[in-house]
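Take a look at the structure set out below.
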Amino acid sequence: MKIISKLLLSNFRNIILKKFEFPKSLTIFVGKNGVGKTNILEGLTLLGRSSSLRGSEMEEMVNLENKDKEFAILADLENHEFIEKISISFDVNSKKKSMKINGDAVNSKRQSDLKNYLINFVCLTPRIEQLFILGKSERRNYLDKIVSDIDPKHNSRVSDYQKSLKERLMILQKYRGKSDGDKWLKIVENNIVELGTAIASARVEAVDFFNKAILSFTSNFPKTKLKVIGEIEDKINQESAVKIEEFYLEKLRQDRAKDLESFKTNFGVHRC
């Protein structure tokens, strides 16, 4: 398990300079409202794969009362494949965000390549109750965030899948049923099917893992059973990958006219 052993926050939010050393056991922050507990957690999440805990702009995080118009966050990691030290900083004047890994500066392209290898923070906050109120896309996105901690390539597959869906719609719109676009459609649809099947498999595998864990707990509370509801997901444990991909591909072909009319892909793992 990856562990953050040390954290240094400089000029971040209401923190001028603060250093933390974390034990390998559970860490709890306790304090009155407004002392900066959430700020510490937000600083940690900036070192991870996703956006910050609050989703704020970088400029909002700098302590402007201090003469230094730049914040910096540094952390030491244990049990990571290749990252021992990681830091991030942001300069208000230049609007520049900088990252260093093991002391070496990382350019923006390299940051994108390394994104899936950064820490994946899963935050359980009072806002989590919104998952039961909001639409399925929020639940699906939250599941994908958890799955990406089990499968580091999952985020890239989801991103590539979404790009392929957009590309397919653009081809459908450009050629509008003419045979000229068939070649490109076949290539893009094959890509959608391969990525989609892999995404569905990863989701089902993760949910199966959690269901087994839930069943292993001793509790007087009713046992929850999680399930991903979707035509492709339903077939994952029932049919071979070849049959699933053939079915998926045929559905995309059948729906071309309907998808062009509505300008959205009506079938796929993005609707589970």
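The values are calculated or read from the model by the stated rules, or taken from the named source; none is laboratory data. Computed from a predicted model, the values in this text were never measured in an experiment. Reconstructed Cβ throughout: ideal geometry from the backbone, glycine too, with neighbour counts over all protein chains shown. Side chains are part of the model used for accessible areas, which takes the heavy atoms of the whole protein and leaves out ligands, DNA and RNA. Shrake-Rupley method; radii C 1.70, N 1.55, O 1.52, S 1.80 Å.
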(Q) Run the reach check for residue 97 against lysines, Cα to Cα strictly under 20 Å, same-chain hits fewer than 8 apart removed. What comes back? (A) 67, 69, 85, 109, 115
**Q.** Using alpha carbons only: equivalent-ellipsoid semi-axes of segment 86-215, gyration tensor based, whole Å
**A.** 31, 25, 15
Q.
Could you compute the longest span of the chain free of chymotrypsin sites (Phe, Trp or Tyr not before Pro) located in DSSP loops and having at most 10 other Cβ atoms within 10 Å, not counting the site residues?
A. 83-216
Q. Rg and Dmax of segment 1-55 over Cα atoms: what are they, in angstrom?
A. 11.5, 31
Q.
Give the lysines reachable from residue 136 as a straight Cα distance under 21 Å; neighbours fewer than 8 places away on the same chain don't count.
A. 145, 163, 166, 225, 227, 235, 264
Q.
Report the Rg/Rh value for segment 55-112, based on alpha-carbon coordinates and the Kirkwood definition of Rh.
A. 1.02
Q. To the nearest 10 square angstrom, how much accessible area does residue 115 have with a 1.4 angstrom probe?
A. 100
Q: Compare 104, 259 by solvent-accessible area with a 1.4 Å probe and give them largest first, with all protein chains kept in place.
A: 104, 259
**Q.** D (Stokes-Einstein, µm²/s), Kirkwood Cα radius, segment 1-99, 0.692 mPa s at 37 °C
**A.** 233
Q) Which FRET efficiency, nearest 0.05, do residue 257 and residue 160 yield, Cβ-Cβ r, R0 22 Å? A) 0.30
Q: Any chance you could list P(r) for the chain, counting all Cα-Cα pairs in 10 angstrom bins from zero, rounded to whole %?
A: 6, 23, 27, 23, 15, 6, 0
Q. Taking the Cα atoms of segment 197-272, what is the range of coordinates along each of the three principal axes, in descending order and whole Å?
A. 52, 27, 14
**Q.** Heavy-atom accessible area per residue - the chain, 1.4 Å, Å²
**A.** 63
Q: Report relative contact order for the chain in percent, whole number only (criteria: Cα-Cα under 8 Å, sequence separation at least 6).
A: 13
Q.
Please report the projected area of segment 145-196's Cα convex hull averaged over all directions, in nm².
A. 3.5
(Q) How big is the dipole moment of the chain about its Cα centre under a simple scheme where the beta carbon of each Lys and Arg is +1, that of each Asp and Glu is -1, and everything else is neutral? Debye, nearest 20, please. (A) 440
Q.
Could you tell me the calculated FRET efficiency between residue 241 and residue 123, based on Cβ-Cβ distance and R0 = 45 angstrom, to the nearest 0.05?
A. 0.85
Q) Taking segment 126-208, which trypsin sites (Lys or Arg not before Pro) meet the DSSP loop condition and have no more than 14 other C-beta atoms within 10 Å? A) 153, 176, 178
